[in-house]
Every structure is written in C-alpha cells, then in structure tokens.
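Data first, discussion second: the structure below is written as structure tokens.
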Amino acid sequence: MEITKEQIKHIDNHLKKMGIRYWDMRIEMIDHLVSDIEQNSVSKDFKTELSLALKRAKWNGNLSGVNREGWQNVNRRYRSEYHKGFINFFKSFKNVCFLIFGFTVFYIISENVSLEVFNKISMVLFISPFLIALIEFVKSLFKKYGRSVNLDYGVMYMTMSFLILNAVPVFFDDKTEFTQKTLWFILLPIHYIAFNSGYNLYKKAITKIEEMKKELSC
C-alpha cells in the first residue's frame, strides 16, 4: 500500500491531536508508521491499516507519555553530546593554543588595570557569549522553525553555562583581590569551553532541522 501526501498529513494531525507536540518528533514517528503500513498492509483501507500500525507501535490512545519519553530521549542524547564537547575541545590543538593565548592576555590585563576595571572587563567577557546566543535565537525565530524538540534543546544547551554560572560573580564582591582574580581565571575558561560545546551542539540541531524541513518540502 502506497501512502499519499494527504494520508501523511492525516497521520501528522492524528499524532498532534494525541499529544505529540514537537513536529520533528512527529516526522520520525510518521516515517516509522508509513514504513510499517507499506510493508505490512493487507488491505487498501488506510484508516484500518493506520490503526493496526499504531497498535503494533503501541502508539494507540493518548500519546502524552510517548511525547514525554521522546523529549527525554532527545535530552539524554544532547546531554551526552554536550559533555563530549568538553573533552573534544582539548583534542583540538587550535583550541588549546587559543585558550593559552587568551589566558595569557587576560593575565596581562589583570596585572595592569585596577580591580574595578578588571571586574568590569571580566563581566563583559562573561556576558558576551549570551549575546551571541541571543542573536542565534532571534535568527531562528525569523526562520519560523515551529515547535521543535531539537531547537528547544539546542537553545538550552547553548545557554547552559550562562544559566548555571551567572549567579557566581555575585559572591566575588567581599573577596580579596587575589581571590576575585583567581575565581575569574577559573570561571571564564569553564564558561567559554562550555559555551563552545553548547554552541556547536546548537549548530548541529539547526542543521538537523534544516535537513528535515528540506525533506518535508520535497
């Protein structure tokens, strides 16, 4: 049995109605159902064959649990890739050289400006990656990707380091000059390496979304 575009739209609407909120999750489920129907259909009654395919996949009835399990699986995959990004950063000679160079310049600055100026420079460096993330997020809004689980987690992991570490500088004020500088020397490299990992993951998410959108238009 060959599935038409109208029938694919019917499947998409059904999955959406049953609780699958993310369009990219629905695409993967649709691919599975279409393949199942085309391989196992015994009649030309589309609705009957769809019902059987849904039962075989255990996707009959309300799918809110499947939706939750789906985004949890995606989150686990993104979290694993995010952590690998830390390790992969140090596998690049270029990255390590850039880190050493940046650390050296940062140290020279710390020795030639007042603590107040140093803290302001450090805060600007800390906020800068978030501005990049904000620009990327706005660009994604203009492209109208819709409710995508890959986009949601791409954005989340791109901003993860800022969300986790943004409260840390608040505790610097009552510390000695040496302690404040030391904390910045530790915080900023961690922040930038984490952002690098999250940013690369975000770009992979956008690439995947673009590929899925391209397939849909074909």
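The values are calculated or read from the model by the stated rules, or taken from the named source; none is laboratory data. Note that the structure is predicted; figures quoted are calculated from it, not measured. Glycine also receives a Cβ, built like all others from the backbone with ideal geometry; neighbour counts cover every protein chain displayed. The area values use the complete protein model at the heavy-atom level, side chains included, leaving out ligands, DNA and RNA. Shrake-Rupley method; radii C 1.70, N 1.55, O 1.52, S 1.80 Å.
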**Prompt:** In segment 135-164, what residues are more than 23 Å from ARG21 (Cβ to Cβ), among the hydrophobic types (A, V, I, L, M, F, W, C) and surrounded by 14 or more Cβ atoms within 10 Å (Cβ to Cβ)?
**Reply:** PHE162
**Asked** Residue check: is TYR78 of a type in the set (Ser, Thr, Tyr) and open to solvent by 70 Å² or more (accessible area, probe 1.4 Å)?
**Response** no
**Request:** From LYS139, LYS144, grab the single residue that is basic (Lys, Arg) and on the phi < 0 side of the Ramachandran plot.
**Result:** LYS139
**Request:** Report whether or not ASN95 is in a helix (DSSP H, G or I), of a type in the set (S, T, N, Q), in contact (Cβ under 8 Å) with a residue 40 or more places away in the chain and open to solvent by 50 Å² or more (accessible area, probe 1.4 Å).
**Result:** no
**Prompt:** If we only count helices (runs of 4 or more DSSP H) wholly inside segment 110-218, which ones have 1 or more residues that are more than 21 Å from the chain's Cα centre (by Cα), of a type outside the set (Lys, Arg) and more than 26 Å from GLN72 (Cβ to Cβ)?
**Reply:** 115-142, 177-217
**Item:** Pick from segment 165-191, criterion open to solvent by 60 Å² or more (accessible area, probe 1.4 Å) and of a type outside the set (A, V, I, L, M), ranking: nearest to PRO129 (Cα to Cα)
**Value:** ASN166
**Prompt:** Taking interchain pairs and intrachain pairs at least six residues apart, which have beta carbon atoms under 6 angstrom, with the first residue in segment 121-134 and under 12 Å from TYR199 (Cβ atoms) and open to solvent by 80 Å² or more (accessible area, probe 1.4 Å) and the second outside any helix (DSSP H, G or I) and of a type outside the set (Asp, Glu)?
**Reply:** none
**Complete:** Subset of segment 17-65, residues under 21 Å from THR4 (Cα atoms), open to solvent by less than 40 Å² (accessible area, probe 1.4 Å) and assigned to a loop (DSSP other than H, G, I, E, B), comes to SER41, ALA57
**So SER148, is it in contact (Cβ under 8 Å) with a residue 12 or more places away in the chain and either over 26 Å from GLU69 (Cβ atoms) or hydrophobic (A, V, I, L, M, F, W, C) (or both)** = no
